[in-house]
Structures are given as structure tokens and as C-alpha cells.
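To start, the structure under review is shown below, and the notes come after it.
The values are calculated or read from the model by the stated rules, or taken from the named source; none is laboratory data. Nothing here was measured: the structure is a model prediction, and the numbers come from that model. In this analysis, Cβ positions are derived from the backbone assuming ideal geometry, glycine residues included, and neighbour counts consider all displayed protein chains. Accessible surface areas use protein heavy atoms only, side chains included; no ligands, DNA or RNA. Shrake-Rupley method; radii C 1.70, N 1.55, O 1.52, S 1.80 Å.
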Protein chains: 4
Amino acid sequence: MYKDEGTTRIEAFSDGVFAIAITLLVLQIKVPSHTEVERQGLSHLLAALWPSYLAFTTSFMTILVIWVKHHWMFTLIQRSDHAFLYWNGLLLFFVTFFPFPTALLAEFLLHPEAKVTANLYTGTAFAISLAFKGLWWYATKDQRLLAEHVTSLVTIQAKQITHHDRYGPLLYFLAFGVSFLSVSASIALCLFLALFFAVLDWLMKS
Amino acid sequence: MYKDEGTTRIEAFSDGVFAIAITLLVLQIKVPSHTEVERQGLSHLLAALWPSYLAFTTSFMTILVIWVKHHWMFTLIQRSDHAFLYWNGLLLFFVTFFPFPTALLAEFLLHPEAKVTANLYTGTAFAISLAFKGLWWYATKDQRLLAEHVTSLVTIQAKQITHHDRYGPLLYFLAFGVSFLSVSASIALCLFLALFFAVLDWLMKS
Amino acid sequence: MYKDEGTTRIEAFSDGVFAIAITLLVLQIKVPSHTEVERQGLSHLLAALWPSYLAFTTSFMTILVIWVKHHWMFTLIQRSDHAFLYWNGLLLFFVTFFPFPTALLAEFLLHPEAKVTANLYTGTAFAISLAFKGLWWYATKDQRLLAEHVTSLVTIQAKQITHHDRYGPLLYFLAFGVSFLSVSASIALCLFLALFFAVLDWLMKS
Amino acid sequence: MYKDEGTTRIEAFSDGVFAIAITLLVLQIKVPSHTEVERQGLSHLLAALWPSYLAFTTSFMTILVIWVKHHWMFTLIQRSDHAFLYWNGLLLFFVTFFPFPTALLAEFLLHPEAKVTANLYTGTAFAISLAFKGLWWYATKDQRLLAEHVTSLVTIQAKQITHHDRYGPLLYFLAFGVSFLSVSASIALCLFLALFFAVLDWLMKS
């Protein structure tokens, strides 16, 4: 009926947003000014930027895992409708916001008031995991948007994603909780979760 | 005759522009400086950034609705010609400009002279809705760029979009008018319109 | 033999670069600071930004015309090879550089030393037109990369592009020359050329 | 089985990241402020920006060569799996980081402490060449992700890439080593390598 009732453009738009969000992260690593360098030395200042490198790495890994999961879901999703476009839009809303808490964290990780930045960072990660759950719930409810002739392999894959999703929000809610107790533990948990999901993906698919 | 008399590349280019414009919005949320934080506290400063969050959310929702509508139109449009590329270019012109009034609004929403930023913001939204009307008018005039064998479903969809377009410019012109009376009412109207069109899309398509 | 000896990815990569370059232009329009606003008033400052709006509009139109022409060329080009990827890369080199002279022009259009920014701006536009000529020359030499069974329509289109290309570099060289005599005349010429090529495209293709 | 066990989306996402990273480089060329211009003159300041132009050109050429090589590899790669997505992610990690050492180099090339920026710049280029080797090793091990019916032409091409890869890391390790002895020699070597690989690509493929 339509040229594109499929998911080509929703994937292209999402890929664009993921690619830009992941690349903008580097703009948060600030080049030191000449005045600072005169006073403190360039090597010293570049070493002191380690919270920026940490924030860059954690956010890069997190968005990469999100992209891989989005990619995986869309190998099973065959159709789209308007409501689905907005569920996907909600996910992208939190993804495009993510560079802001990343920049905050890079700037204030060692500040006495760092807790509020860790709350915002882990809170955004938690919101992303919830939006993912909503997106997948909408797509799979009554197999709404999945392939029409669902093969057993699709069913197995879909169940794996559902399983994956069950723990995501819980674990990121845990990270959010931990951020009220210890900033460094909550960020370490976020980095660990990104690496953990990467390894889990690796094991589940191969 | 040609490899691509279709709309693949115009969609890819537009998706790129939409994806970048929607992701650049986050750069307008300014990370507070260490000097400010010493004086006023980080939590206080992050709370005081609420005009930035509001501007980010309103502009994100507006561009998302534009993208969904663009996506919808292009499920019905099958061909393109040079004039159409420039009509689409006019739409993208106002979309790429949109982050500037968004940044202005975020910075000066509470300033005594905020009215001029609300004029510019709602004026740009009005210009976008007019460019959309022009784009759709050009594509549908004598069914110029629609599918050759127009099915009744395509006709119904096309009429829905035409209907949608009838009120868009009027409502954004209203928001533009309101911006001369009350800044907050005009921005609230823009946010409401984006949410309203999202819900309307949802209802019309499903 | 190969999955993709075609031009899909070169088009996707180029579209990405064009879309980003055209959207980054808006970052050059600087939001005034609160200190400036206290002294001079917001409406006054926004009006005084007109060189930024002019530079944004001229560069947007120029990149849009480039994209339309690139799009048109690639409806006729069917194959690619490594040398062609680098010819295209040369074009993209000048396109990605273009936001810098645009920002310079926006900042210093009214400065006594504005001539050097106009030289750089028109010089970059001239370099883009030369890179285009090289790209098209390489693609069409002995019909190297065109469709194998060249229909008469392809031949006519290809001749139109060659014709188009003949005057492009000459006219931009003229703009470069004029920039040594009068800054405003050279920028007006650039804006005129972008609009002129847009209208010309319109007439030639429809 | 799946809609997309292929490489369409991994190519689209990578193209997005390459296109953004290559276009963001221009943001590192700083527009001089009016105060500086009053003191030193605009022409003089624009000439003094030559380290920025050099860094822009070297990084642009390097990312362009990476993109061409990535494009070439993916004409031979037919399938993807989760581990492969993460190998590709590792490559993109260093590519998205590359604008930071580029900006550092542009700012501090003539500074007495420039050595550390050259170390970081050449070190990142070395890391990119290693990530490439890993990606290609993973894809070709037991012909894991190559076309199933490997023609002799694919085999020849694959061997050329393997050959290409053998020297890449060695040469960039050399540049890294040289950066401890001479900043300018190491950057000249990076620019030379990008141009050398471009010419080599040209010769090998045509």
C-alpha cells in the first residue's frame, strides 16, 4: 500500500541521532587555555582531565550498547506505526539529553557537590532503560510489529531481548540508588553495566 | 531511466538534518562554571536552568512532530524533481535555524525583554508550518509527485495530511500573536501544539 | 562480484557531511551575553546580528545548491572506484571548511579589515566549484562511471551538468576577484549565484 | 531468518560517525575575537592560525583514508554478529576521540610543551590502526563474515587489505616513536602517511 510502512526511515533517523550523540561527547573534553598551561603545565593539565576521559568512555560505551540493542530489536521488528514513532522518539529524547549529564560529570566529578551530577547521570541512564522497555513492550504486544510469520528463531531472539530488558531497568535503578551513597561507585557501576551488557550480547548472539 | 528519480536521497539528507538539529539542542544547556558554583551551589544552579530544560523539551517535541509528519508525507510521495528539492530545502532552512531561537529562549526567558525571543521562536515555528504547507501543496498539485496508481487508501491518507496542514499554520500564527501579549502563554502553546499533534497523529494513523 | 561496487555508501557519507555542514552553520549565530544585553538591549543586539543572518542564509543556500547538484550527478553515476572516492573527498574537504569563513564573515563583515574574510569566503566557494568540475570530469571521462547502456536522456542530462559546470568556476572566480574591490558586492554576488543556480536547476529539470 | 543480518545498519551508523567526526574538525579552528583583532590585525591573526589549518588537513585526510578503507572492507564483508559490532565500536571509539588531540595540536603546536600533544595525536592514530587490524582479523578469521561463495576476486581483494593492514600499525607506531624526538617530524609523517595510503589505494584498486 505505502512505499514505506517498514522501518527504513525510523532506523536511519535513529542511527543519525545515535551517531551524533556519541560523537558530540568529545566536545565535552575541554582543551586547556594558554593561561592555565602557563601556570600548571600541559602534561599535568591533560592528566587532570581524567574525569572527562572517564565520562567520555562510560557514555560512549553506554550509547554503543544502546545502539547495538536498538539494531538487534529492529532485526525482529518489521512494521511501524505512529505510536511506535513516538515511543522511539521518547528513547531518543533521553539519548540526546545524555551529553549534558556527561559534561556535568566531567566538570564536577571531584567537586564536593558531585552527588547531584551522579543523580542526574544515573537517572538519565535509568530513564533510557525504561524507554527501551516501553518501546519493546509496544512492539511485541500481541506481536504487533513483529514479522507476520514468526519463525521459532525470531521467537527465541524476541524472548532473549525481553529477558535482557527485564534486568536493565532494575540494574540502572540500582545505579541511581547508589548515586545517593557514593558518586564513584555509581559511575563505576554504569561503566561496569555497559561492559557487562556488551559481553552478555556477545555471548547470547554467538 | 535514472538510478534514483525516487526520494531515497532527499529522505536521507533530510533525516540527517533533522537528526542533527534535534541533537544540537542539548548544546544550548550550558554547564555552569566553577566560579558560579562556588557562589550559588550546584543544585541551585541546575534547578535555575529550568528555562533551558523547557526550551529543549519544547523544541525536541516540535522537531520530532515535524519529522514524523515528513516521514508520513514521504510514504505517499514517490517522485521528486528539482523544484521539490528546493521546497524541501526551504523547510530545512527554518529547521536548521530553530536551535538559535531555542538558545535565545533558554537564556532570556526570565529577562524583562523576553518578548522579542518569544516572537522569534513562535515566528520560526510559524515559518516551518508555512514551508510544510508549501511542500505538500507542491507535491499534491495534480498529484504531481504521488504514486501513479493512487489507491483509495493513499487518497484518504493524503486528505488527512491536507486537513492536518490546514490548521497547522493558523495555530502557529496564533502562537506568534500570543507571543506579543504573554511570553509564557506563547511557549506553553507551542509545547501544547507539539503534544497535541503527536496525540492527533497517534489517533489518525492507528 | 562485490556487494557494493555502487554508490550507496559514498552518497550516504556525503549526505551526512552536507547535512552536518549545513546544520553547523547555525552555531555561528552567537547568543548575546547578559552583560551586553544590559548595556545595549536585546532587540537592538538581535538586529545588530544581521551579518550573521546574511552569512547563514548565503552559506545555507550555497550548500543546498551543492547538494542538489551532487544529488543530480549521482542519478547518472552508477559505479565508483578509489580515485573517485578521493575526488569526492576533495569536494567534501572544502565543504567541511566552509563554516569557518562563514563564521569569520558573520563576525567581521563590518570591520575595516573585512576584505580578508571576503577573500577567504569567495575563495572557498571558488575551490568548491573547481572540485566539482574535477569530480564530474573524472566520472564522465570516457563515460568511466556512467551507466553502461547510456540512453539519450542520460546523455542530455550529462551535457546539461557539463554546461552548468562550465560557468560555475568562472563565476565564482569573478566573485573572488570582486572581493578585492568590494566586500558587500562579492557577498551579494555569492548569494545571487546560489539563488541563480537554484532557479536555473528548476528551469533545466522541469 | 532476520530482516537484517546484513551490514546495512552498521555501515549507516559508521558513516554517520565518520561524517560527524570529519565535519566537527572545523569547529577547532577558532574565530579570533575583536579584542585580538584590534591589537594584532585580522590578516596577521588568520595567518597565525596555520597550525589549525595543518591539524584540520591532517585529521581530515586521516579520517577520509579510514572511511575509504572501511568502505572497501565492507564490500567484502557480508554478515555481521554482535562481537563484530563491538569490534567496529572500538574503531569508532578512537575515531570519535580524534577531534580532541586535533584541537590540542592546533592550540599547542608551537608551545614548548607540544611534545605531549604530538604523543597523544600519533598515539590515537596508532590505536585506530590497531583497531582496524582487529576488526579485519575478526571478519576474515575462517572467512567468518565474508561472502559464502568466495570468488577469486574477493580473495585477491581480501589479501590486498590484509597486506595494507600489515604495515599500517607499524608505520603509525613509528610516528608515535618519532613524536618523542620531534613534534613536527611526527605530524609531517602522519600527513605523509594519509597521502601515501590515499595514493596506494588509488594504485591498488584501479
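When residues of segment A:164-206 are filtered for being more than 14 Å from chain D (Cβ to nearest Cβ), polar (S, T, N, Q) and not in a helix (DSSP H, G or I), how many remain? Total meeting the criteria: 2. Do we find a residue being polar (S, T, N, Q), in contact (Cβ under 8 Å) with a residue 40 or more places away in the chain and facing chain A (nearest Cβ under 9 Å) anywhere in segment D:58-68? So far as segment D:58-68 goes, no, none of its residues is polar (S, T, N, Q), in contact (Cβ under 8 Å) with a residue 40 or more places away in the chain and facing chain A (nearest Cβ under 9 Å).
Taking segment C:183-202 as the range and being open to solvent by less than 40 Å² (accessible area, probe 1.4 Å) and more than 17 Å from the chain's Cα centre (by Cα) as the test, only C:Val183 passes.
Tell me, yes or no, whether segment B:71-94 has at least one residue that is more than 20 Å from the chain's Cα centre (by Cα), within 14 Å of chain C (Cβ to nearest Cβ) and open to solvent by 40 Å² or more (accessible area, probe 1.4 Å). Within segment B:71-94, one or more residues are more than 20 Å from the chain's Cα centre (by Cα), within 14 Å of chain C (Cβ to nearest Cβ) and open to solvent by 40 Å² or more (accessible area, probe 1.4 Å). Among the residues of this structure, A:Leu42 counts as one that is at the interface with another protein chain (Cβ under 9 Å from one of its Cβ atoms) and either of a type in the set (Gly, Ala, Ser) or within 21 Å of D:Asn119 (Cβ to Cβ) (or both).
Yes or no, residue by residue, for (1) among the acidic types (Asp, Glu); (2) outside any helix (DSSP H, G or I); (3) closer than 24 Å to D:Ala198 by Cα:
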residue	(1), (2), (3)
D:Val17	no, no, yes
D:Leu24	no, no, yes
D:Leu27	no, no, no
D:Thr62	no, no, yes
D:Ser80	no, yes, no
D:Leu92	no, no, yes
D:Ala103	no, no, yes
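Filtering segment C:51-61 to residues that are more than 18 Å from B:Leu27 (Cβ to Cβ), open to solvent by less than 10 Å² (accessible area, probe 1.4 Å) and aromatic (Phe, Trp, Tyr) leaves only C:Phe60.
You will find that of D:Gly123, D:Gly89, the residue that is in contact with a Pro (Cβ under 9 Å, 6 or more places away or on another chain) and at pLDDT 90 or above is D:Gly123 and no other. Residue pairs whose Cβ atoms lie under 7 Å apart, sitting 6 or more positions apart in sequence or on different chains, and linking a residue in segment C:111-126 that is facing chain D (nearest Cβ under 7 Å) to a partner that is of a type in the set (Gly, Ala, Ser) and open to solvent by less than 50 Å² (accessible area, probe 1.4 Å), are C:Glu113/D:Gly41.
Listed by first and then second residue, the pairs with beta-carbon distance under 8 Å, at least 6 apart or on different chains, first residue in segment B:158-181 and touching a residue at least 40 places away in the same chain (Cβ under 8 Å), second of a type in the set (Lys, Arg) and open to solvent by 50 Å² or more (accessible area, probe 1.4 Å), are B:Pro169/B:Lys133; B:Ser179/B:Lys115; B:Phe180/B:Lys115.
Looking at B:Ile20, B:Ile29, which is the one that is closer than 30 Å to C:Met73 by Cβ and either aliphatic (A, V, I, L, M) or within 14 Å of chain C (Cβ to nearest Cβ) (or both)? One residue alone meets the criteria, B:Ile20. Scanning segment A:1-15 for residues that are among the basic types (Lys, Arg) and either in a loop (DSSP other than H, G, I, E, B) or within 8 Å of chain D (Cβ to nearest Cβ) (or both) turns up just one, A:Lys3. Hey, any hits in segment C:137-156 for a residue that's open to solvent by less than 60 Å² (accessible area, probe 1.4 Å) and modelled with pLDDT of 90 or more? Taking every residue of segment C:137-156 in turn, none turns out to be open to solvent by less than 60 Å² (accessible area, probe 1.4 Å) and modelled with pLDDT of 90 or more.
If the condition is being of a type outside the set (Val, Ile, Thr) and open to solvent by less than 10 Å² (accessible area, probe 1.4 Å), then segment D:33-50 contributes only D:Leu42.
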